[in-house]
Structures are given as C-alpha cells and as structure tokens.
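Read the figures in this text as sums done on the coordinates, not as results from a lab. Worth saying up front: this structure is predicted, and the values here are computed from it rather than measured. Positions of Cβ are generated from backbone atoms using ideal geometry, with glycine treated the same way; all protein chains shown enter the neighbour counts.
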C-alpha cells in the first residue's frame, strides 16, 4: 500500500474517531439538527438572537475549517460572549469558539485565546490551551507555565466538582508540543500526579522536552492497564510523540484497531520526515506492516 494512500485513509479515520471520542464538541450538537448552512449564514448566526444557533454556528465553522477572515473575526468576538451561560457559570459559546479557532489555524486568534486562559470557566481554559497548541505560537508559553504554579499541592479537584482547578492535561500537552524547554521544572512534578491522564500528559510532554526514553516507556506501561479509557489515552499520547519503540506495544494493545491505527500513523509520520515513498527506512516499513495487519 502506498504511503500517501495509507496516510490519507487514516486522516479520515482519525477525524471520525476523534469526534466519536468527544474531541469535537458534541455537548449540544448531537441534539441540534444537522442543518445545511452557507458560510455566510454560519457567520451571521454567531450573533443570532437564539443561543442554540450561535453555539451550533461556532461548532460548524470549526468542523468545516472555514478559514475566512469574517469567520475568524466573528469567532474571536464570540470569545467575549456573556449571554450564553450555564447555571454553574460556564460559557458554552466561548468553548466552541475557542475550539473552532484552533482548527482554523489563523494566528490572529492567539492573543484572544491567551486571554481565555484567565476565564473563570475551566472548559474555556481547556479549549484555549488545546487551540494554542494547534496554532503553535510560543507567545502563550509564559501564561501556560503560570497555570502550573503551585505544582501538585495546588493541582487538586475543585471541591464538589469532577474536574481539577486547571485543565492540566491540556496545558502539559501544549507545552510539550511547543517544545517549551523553559517549562521543564514546572512540568516534571506532574509525572507523579494522582490523576492518570495528567500523569500521561506529563510523560508525553517530558519526552517531547527532554527526549528521555524513560517517559515513553512509562506510556508503554500504561497500555497494560485495566481501564480502556486510559489505554486509549496512552495510545494517543504515544502516537503524538511518534514513539517508535512503542509501535509493537501499540499494535498489541487491547483497544479498538481504529485507535491503534491512528497511534501508529503518528509514529509512522515521524519516520517519514525527509523520506520519499521510494526510500523507506527499515523502521518505517516495520510500522507500515503493523498497520497493514490492523487494516
């Protein structure tokens, strides 16, 4: 199977699986009729009198990667929305707008997303951190580091809530992807956090920041756990860092083949850097053979 064909096939699979796992916002989208919109309608709907239309429009613009100036401007404006509030004080529209801006790839959104890291809604902060990671702009690094201050002592659950005081996994992943080596002293303590997903995010980030194999090996160990959700997380983390020594363990993990393929795709892409279809390394061939077996 040609590499280009395999990668394109897996990109489609990746998008579908990420939506199924909740990486696309589906809080209300599943109940919103899948109406056909034009780009102009979607942008206009961001200021619609009905909040549901605004929420859906923000999701729609991100889902279909509408990278037009009018869409970006309207989504940035939506980051300051005060009308769409939950009973607990959350900002649903801001969350969807922040998620969408990461998908559109326009760095004009960076400053506004950095401001969102100070929002009272933890899910807005999470979406902003994820989108800043996608945009790859280092201006956010000092603010992300500040959110890690206090280390493990501060990184506790909000009293009476199912979430931590900060979206630590998203923050750690962003710092790792941004190669923010200045953050190492702040990231390292989180490899001992009591929440597994936070630990995994710290392993992932520390591998990206230091290149030390011990962190990749700890993610491989996580693939042996009893919790399927955590095995899925470890799979995605190994794929994100392109950890070649984990390829065989990924293929043998008790999890969906679709997820294992996505993780192996991440590993393969690291092996294909500066490599043509006609000059494959032995390692790349081995990963492709594992993928072929799973397809």
Most mobile listed residue (67, 279, 96) in the chain, GNM with C-alpha springs under 10 Å: 279
Between helix 213-222 and the chain: long-axis angle, C-alpha atoms, 0 to 90°, nearest 10: 80 degrees
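Relative to 2.2 N^0.38 Å, what does the C-alpha radius of gyration of the stretch 104-186 come to as a ratio? Two decimals please.
Working: Rg = 12.3 Å, N = 83, 2.2 N^0.38 = 11.8 Å.
After normalising by residue count via 2.2 N^0.38 Å, the value is 1.04.
Going by average Cβ density within 10 Å per residue, which order do the peptides 41-51, 231-241 take, highest to lowest? The partial results should precede the final answer.
Values: 41-51: 16.2, 231-241: 24.3.
So the peptides 41-51, 231-241, ranked by packing, come out 231-241, 41-51.
Give me the compactness ratio for the stretch 143-265, meaning the Cα radius of gyration over 2.2 N^0.38 Å. Could the numbers behind the result be given before it?
Values: Rg = 14.2 Å, N = 123, 2.2 N^0.38 = 13.7 Å.
Against the compact-globule rule of thumb, the ratio is 1.03.
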Most mobile of 73, 169, 227 in a GNM of the chain (Cα contacts under 10 Å): 227
Computed FRET value (nearest 0.05) for residue 49 with residue 252, which takes r as the C-beta separation and R₀ as 41 Å: 0.15
Label point distance in nm, residue 156-residue 224, each placed 7 Å from Cα along Cα→Cβ: 3.3 nm
Rough spin-label spacing in nm, given labels placed 7 Å along Cα→Cβ, for residue 181 and residue 118: 3.1 nm
Degrees between helix 122-135 axis and first principal axis of the chain (Cα, 0 to 90, nearest 10): 60 degrees
Acute angle (nearest 10 degrees) that the helix 3-20 long axis makes with the longest principal axis of the chain, alpha-carbon atoms: 50 degrees
Entry for semi-axes √(5λ) of the Cα gyration tensor in Å (calculated from the structure that is shown) out of (1) 32, 24, 17; (2) 26, 23, 17; (3) 29, 22, 20: (1)
Computed lengthening from residue 36 to residue 67, 0.36 nm per intervening residue step minus Cα-Cα distance: 9.4 nm
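Just from its helices, what would the mean residue ellipticity at 222 nm be for the chain, if runs of 4 or more DSSP H residues each count -39500 (n - 2.57) and the sum is divided by every residue, rounded to the nearest 500 deg cm²/dmol?
Numbers: 17 runs with 179 residues, N = 295.
Here the helix-only value at 222 nm equals -18000 deg cm²/dmol.
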